[in-house]
Amino acid sequence: MIKTAQLGVVTVCLALSGTASGAALSLINQGFESDLAGWSVAGLVTPSPGITVKTFDGVVHDVIPWVSRMARLVSQAAPGGPDPFRNNVAELNAFFGFDITTRLAAGTSPWNGSGISQSFSGKKDDVLTQYWSFYSEESDTFQSLDTAFYVVTDASGAVVDFDELAVAKDVPGGFAKWQAVQYVLPADGTYTIGFGVVNGRDEYFNSELFLDNGLPEPGSFALLGLALAGFSWARRKPAGKS
């Protein structure tokens, strides 16, 4: 009951936000409530109802999805498999359609990792928002270059946007709370958005990227507040007054 009410508020927030800055785009199963339906994956990607993680400094965090599911990307190729530490960078390059090494910070030297992607269509200035969280098991001593990133390619496969979401050595305490990444379409067309996480320099001590939908942005809270204030004023307005 409480989660349903929360999701209703989010819907209002996103609608108001979209009105202010362009239409809000939604992906298929963006909140992963239908597991991984609609998404393509590489490496180790699973739907998760929530997980407890322990960072390199021993701090424990509960990573909780907004409703009931989130996507969990692990920086090993296939932990528990016949060769969990195998190098699968060539597979990731084929999956994303470009050499990820050329886009990551110098010296990262990815060894293995996982990725997820989905194609979508929209119009110029439409806004796509996805929420993410990150944690690393790496020790502070190693100055880990484990990296989470996102990429947008156009219909021809050309990279039109790329950014590192988090690098383990730069994440205080090894854990980054839920936050948003947004992409504003530069033109009408079909695009593909992808997210990945890789082990940098070695194949040990995983880092993980979590993805979900439905967390309202601070600016949207402000817009929602204005709307609710307007509703309240309208209800209190004396009869016969304009």
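State whether the residues of segment 136-145 include one that is part of a strand (DSSP E or B) and closer than 24 Å to Trp66 by Cβ.
Yes, some residue in segment 136-145 is part of a strand (DSSP E or B) and closer than 24 Å to Trp66 by Cβ.
Spot the failing condition for Ala106; the list is (1) in contact (Cβ under 8 Å) with a residue 60 or more places away in the chain; (2) out of contact with any His (no Cβ under 9 Å at 6 or more places or on another chain), and only one is missed.
(1)
Which residue, of Phe175, Phe134, Phe195, is under 17 Å from Phe210 (Cα atoms) and in contact with a helix residue (DSSP H, G or I) (Cβ under 9 Å, 6 or more places away or on another chain)?
Of the residues listed, the single one that is under 17 Å from Phe210 (Cα atoms) and in contact with a helix residue (DSSP H, G or I) (Cβ under 9 Å, 6 or more places away or on another chain) is Phe134.
Being in a strand (DSSP E or B) and at pLDDT 90 or above narrows it down to one residue among Ser156, Ser114; which is it?
Only one candidate qualifies: Ser114.
Considering segment 94-128 alone, what residues qualify as being among the polar types (S, T, N, Q), touching a strand residue (DSSP E or B) at 6+ places or on another chain (Cβ under 9 Å), surrounded by fewer than 23 Cβ atoms within 10 Å (Cβ to Cβ) and on the phi < 0 side of the Ramachandran plot?
Thr101, Thr108, Ser117, Gln118, Ser119, Ser121
Scan segment 167-179 residue by residue and report those that are within 11 Å of the chain's Cα centre (by Cα) and surrounded by 14 or more Cβ atoms within 10 Å (Cβ to Cβ).
Trp178, the sole residue that qualifies.
When you go through Thr11, Thr19, Thr102 one by one, which is the residue that is among the hydroxyl-bearing types (Ser, Thr, Tyr) and modelled with pLDDT of 85 or more?
Thr102
The values are calculated or read from the model by the stated rules, or taken from the named source; none is laboratory data. Because the structure is predicted, anything quoted here is derived from the model rather than measured. All Cβ positions, glycine included, derive from the backbone under ideal geometry; neighbour counts span all protein chains shown.
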